[in-house]
Each structure stands twice: as C-alpha cells, then as structure tokens.
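A quick write-up on the structure given underneath.
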Ligand code: ZN
C-alpha cells in the first residue's frame, strides 16, 4: 500500500515539475522578447533624437583660381552650401536669424575674410585661406555651436608660368617645343635644361661660372670659372649709360653667367651709384665714354684729359675704381686723342644701329647674324629697345656656345694685351 502511494506521489511530482519547467521557459522567452522590444524602442528613440539634434552643417567653399605670372590677384569669392532641409530653422531666437539668413549673408561675402599670400611673379600653387569674422566665430563657439557648424574648404590659387609648363623633368614652352640649353626660373628656383631638354643635376660650367645643381635640379651655388680660350667668345658693349633699365640688363647677364663692358658717360654716373656697384660686383667691366659725349677730335689736349679724368673721378666716387678701357664718342680718334686718353680705345665689329632703328628684333637679328669669335658688339643701354634686344641676345649667344666676356677678359684669353692710346677693333 505504502509502496503504491509512493509511486502515485512521485508521478504527481514529475507531472508538476514538467508544467513548471514549461512555465519557466515561457517566462524566459517572454523576458527575452521584452528585452528585444525595449532595445528596439530605445534604439529607435536614440536614432530619432540623433537625427533631430544633429547640428546643421554648412560648407563654406572656395573655388580654385588660376592666373598667369605677373597678373593681379583675382577677386576670390566663397560660396556657402547647405544640402539639408532645415533652411527655415531659427538659429538665433533673439535676432530671428534662420539658416537661410546665414547662407544669404555668407554668400554675399559677409562674415569672413579671404587671404592669399601669393607672389604672383613666382609660378606656384598657393593656398587661399578663409578666416571667419570674430563675431561669427564667437557665436559658433557659443550658443550656435550645438545647432550649427561651418566647415571650411580652403581654395588654391595656381600662378601659371608665362613661358610654358613642366612636363616631368622637361619644360614645355608655349610654342610646343622643349626648353634646351637654357635657364628657367620656376617656383622661385632656378633650373638649367641641357641640349636634350632635361633639367641637369650636379656641376656644370655654364657661361663664366661652374653651377652646382641639387638632385632636384635646383641651382644651389655658382663659382667663378676661367674663360676657356679654345671656345668662342664675344664682347657685348653698351654705351652712353647707365640708364633706367641697366640694372635689369645686369640681372640677365648675371643669370647667364655672362659679362659685358659698359662705356659710361661721366655725367650719368652720379645718378646710378647702386647700378654701377652692382655692375662691378657682378664681374662687368667699367668703361669710360667721356664726361658728356663731345667729339674728342675737336677738343684740345687739356679738354680731352678733363673729359676722361672727370669720368674716372665720378666712377671712383661711386665704386672706388676708374675705368679700364675707353670708347671715344662716335668712334672719333686722331693722334691728339690717342696721345691724351691714357686708356686702350675700343671700337666695334658689330654695329647693331640699335640707336637708329630702336627695333629690338633688328638689333637681335644683326647681332646674331654677325656673331663670331672675337666679335665686339655695340649697343646702347640708355634705350629700352636695346635692353629688350640684349635680354634675348644673351641667352641666344649662350645657347650657341659663346662665352660672353669683358674686353679685358677677351684680351687675356686671346693673349693680346691692350695698351693705352691704342685702338682695338677686329684684333681678337
Ligand atoms: Zn656714345
């Protein structure tokens, strides 16, 4: 009996525990379901809150601009862009300013300043910066900050080289050819391109200097080199100056490691002390062309001497050196002149007639057509047209392999000493 009862009880117990297990399982499942639902609700709320509380983002963007070297800076303008749908949202309740109001203000150029530190004479790419005004900046850092932000996209200004464009290690000129045997100033650096048009590296004798170029081809330094007697040379000579553009001419000579002889009028010398110092310091020769350009053949011995010595005194006052050579005005020489000048007298073999034609092309053509070893070319640096011609003649003769030397350098290299009172023309 007791055994049966026991059996009965244990069946009942087993039955109960199965039902309880089922209940527990259902509860667990319900709990998990609740958790999932709660999670989904919370997730959705967070998403909605995020979307609604996300600050409005305005992009203040500058377009890239392009100019050529030497042109004026363009008028930069930034545009304010907003792609959202909350243009009517009030961002400043006190002043009733909406997003659209701010966009309008920015698009009319207010609320910021633009700056570009470009040197338009140097081809390069320069950043154009946007600076928000103080008041706008402080609002964005203050109350507006949570609702709004302004992302700035700064622009670029490209200053194009007027001569052409870089093409790897070469430089393509505007006419489609490549720059060869010539210097180029680009990105504020100086480069030299060989006969194949490639920029050079290492040491190279160019003109009267040995130039050292970095691995990138940038000119690092220059050192004096001697005139090579076995290579052709020409003496460029400039009379009547100095003039307004003599300094510019000196820069071109210096760039091409070339020298020239300047036969100056004494009366002009006090007006150009810095130009004459630069002339001397860059290796050019100081020449005497009388004080005020008389025909020396018509003067007395004393007056000839005065014309020469007054000019030399003027030179010594500005650069502590007298002239080493003379060109008598008009090339007029007689025995009286020879006996009284006290300097070697230099005439010319290439008469460019630059003073007469005032045509840079004619001056260039005459010089290039008559170029030969030992030639002496006559030009006048008081004429702007002659300076224009010389600026083209110097690279062209350099390209053709001529060394551009002073009269004294030519005399030394050729082994033909110059004597005072003697005349030199086609002696070299
Ligand atoms: Zn003259």
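The values are calculated or read from the model by the stated rules, or taken from the named source; none is laboratory data. A quick note: this is a predicted structure, and the numbers were derived from the prediction, not measured. Cβ sites come from the backbone with ideal geometry, for glycine too, and all protein chains shown count toward neighbours.
What to note about this one:
- Matching residues in region 317-349 - criterion: being within 16 Å of the ligand (Cβ to nearest atom) and out of contact with any helix residue (DSSP H, G or I) (no Cβ under 8 Å at 6 or more places or on another chain): 327, 330, 331
- The listed residues are 66, 59, 71, and the only one of them that is under 29 Å from residue 163 (Cα atoms), assigned to a strand (DSSP E or B) and touching a residue at least 24 places away in the same chain (Cβ under 8 Å) turns out to be 66.
- Counting the residues of region 297-309 that are within 16 Å of the ligand (Cβ to nearest atom) and over 24 Å from residue 353 (Cβ atoms) gives 4.
So that you can scan it fast, the table gives a plain yes or no per residue for (1) at negative phi; (2) crowded, with 19+ Cβ neighbours inside 10 Å; (3) without any contact (Cβ under 8 Å) to a residue 60 or more places away in the chain:
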| residue | (1), (2), (3) |
| --- | --- |
| 153 | yes, no, no |
| 158 | yes, no, no |
| 163 | yes, no, yes |
| 193 | yes, yes, yes |
| 200 | yes, no, yes |
| 228 | yes, no, no |
| 238 | yes, yes, no |
| 248 | yes, no, no |
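- Residue match in region 224-235 (condition: within 16 Å of the ligand (Cβ to nearest atom) and at pLDDT 95 or above): no
- Just one of the listed residues (426, 388) is more than 14 Å from residue 325 (Cα to Cα), away from the ligand (no atom under 16 Å from the Cβ) and under 30 Å from the mean Cα position of the chain (by Cα), namely 388.
- Number of positions in region 252-274 that are within 12 Å of the ligand (Cβ to nearest atom) and part of a loop (DSSP other than H, G, I, E, B): 1
- Considering the conditions (1) within 13 Å of the ligand (Cβ to nearest atom); (2) surrounded by 20 or more Cβ atoms within 10 Å (Cβ to Cβ); (3) more than 25 Å from residue 274 (Cα to Cα), residue 379 is excluded by exactly one of them, (3).
- Test: residue in region 328-350 that is under 36 Å from the mean Cα position of the chain (by Cα) and in a loop (DSSP other than H, G, I, E, B): no
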